[in-house]
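The values are calculated or read from the model by the stated rules, or taken from the named source; none is laboratory data. The structure displayed is predicted, hence computed values, not measured ones. Positions of Cβ are backbone-derived with ideal geometry, glycine not excepted, and every protein chain shown enters the neighbour counts.
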């Protein structure tokens with residue numbers, strides 16, 4: 001996982017880690033009467049809620065029909081289509097995936113009755129002395145973690161903890177529970193008073209390279225089961241613009257010097273794209289509706305074009321079992337026999353910093 005130098009305020013600075021999720025190699029306007037929007041169901045006990053941040057978080061805002069389109073949007077989306085072919089795909093078999101069992105974050109609910117984790121810094125990036133003073137002394141101090149919580153079993157070894165008693169959200173990267181019961185992490189961060197937060201970490205903390213919380217954009221299995229996602233969804237791309245990010249992102253691990261989509265930038269399916277004209281799988285249709293109503297945010301760099309979903313180890317047992325119809329997310333997004341693929345070529349790119357404070361929506 002590469003960590004890059006960013007330009008900030010005209011000076012070259014070295015950011016703390018921008019962890020990069022990876023992927024495993026393969027495997028007319030829609031009308032309310034045609035596809036009504038169901039009322040979101042209240043969260044179930046023990047299930048990580050779909051919304052924990054402030055109501056005005058950019059992750060929870062529906063898009064108006066007339067969102068502006070970024071300059072070179074067509075070229076940028078052509079680049080995304082090319083990525084689906086070049087990274088674990090081909091022109092005849094493009095790959096769009098959804099991480100849910102590796103390089104995805106498990107999300108756990110904690111209370112003050114859960115044990116307090118004692119964290120130490122694991123210097124996995126060979127930083128200079130003092131690199132973890134604020135990380136350990138502030139962000140990972142006094143974190144309550146359920147006894148059965150385990151991180152993602154990929155090389156990222158990440159997880160999300162939300163304490164419902166203190167309204168504190170914590171994410172950790174390259175995480176391990178040691179034999180003596182203590183914990184270690186190479187990076188992470190906490191958001192205090194999460195219910196009043198927009199879902200951003202103080203720069204340069206957090207796990208996603210964009211500096212925004214996985215809890216804001218990860219797809220939950222319960223959402224796929226009910227057929228409706230009521231928030232922005234996250235996507236990682238192999239090629240992302242270097243040195244530039246788009247609100248609400250506050251950092252990036254992009255490497256492309258030239259025309260490319262920035263982390264934090266929104267994509268959407270146009271409001272006048274009639275999804276009923278497409279024979280999509282249930283999973284692809286649910287994601288497509290969210291892409292049309294809330295948008296897709298580029299949040300990280302990955303080995304292929306992939307949506308981000310809650311890790312199955314923190315979901316209810318069997319939560320994903322029936323969603324892939326004895327196949328895989330890749331197959332569901334490509335469409336099984338007789339079905340259309342997710343219409344990634346129909347996406348539009350919104351301008352950078354769309355809806356950022358102090359900007360007009362038509363800027």
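Checked against (1) within 30 Å of residue 338 (Cβ to Cβ); (2) in contact with a strand residue (DSSP E or B) (Cβ under 9 Å, 6 or more places away or on another chain), residue 280 passes all but condition (2). Applying the condition of being touching a helix residue (DSSP H, G or I) at 6+ places or on another chain (Cβ under 7 Å) and in a loop (DSSP other than H, G, I, E, B) to segment 90-125 and asking which residue is farthest from residue 185 (Cα to Cα) yields 91. Residue count for segment 202-225 satisfying the condition of being within 20 Å of residue 313 (Cα to Cα) and outside any loop (DSSP other than H, G, I, E, B): 10.
For every residue, the table says whether it meets (1) surrounded by 13 or more Cβ atoms within 10 Å (Cβ to Cβ); (2) in the same structural domain as residue 307 (by TED's automatic domain parsing); (3) touching a strand residue (DSSP E or B) at 6+ places or on another chain (Cβ under 7 Å).
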{"site": "73", "(1), (2), (3)": "yes, yes, yes"}
{"site": "81", "(1), (2), (3)": "yes, yes, no"}
{"site": "116", "(1), (2), (3)": "no, no, yes"}
{"site": "149", "(1), (2), (3)": "yes, no, yes"}
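In the set (1) more than 19 Å from residue 57 (Cβ to Cβ); (2) part of a helix (DSSP H, G or I), the condition left unmet by residue 290 is number (1). Selection of segment 157-185 for residues being surrounded by fewer than 24 Cβ atoms within 10 Å (Cβ to Cβ) and in a loop (DSSP other than H, G, I, E, B) yields 157, 164, 165, 166, 167, 174, 178, 179, 180, 181, 182.
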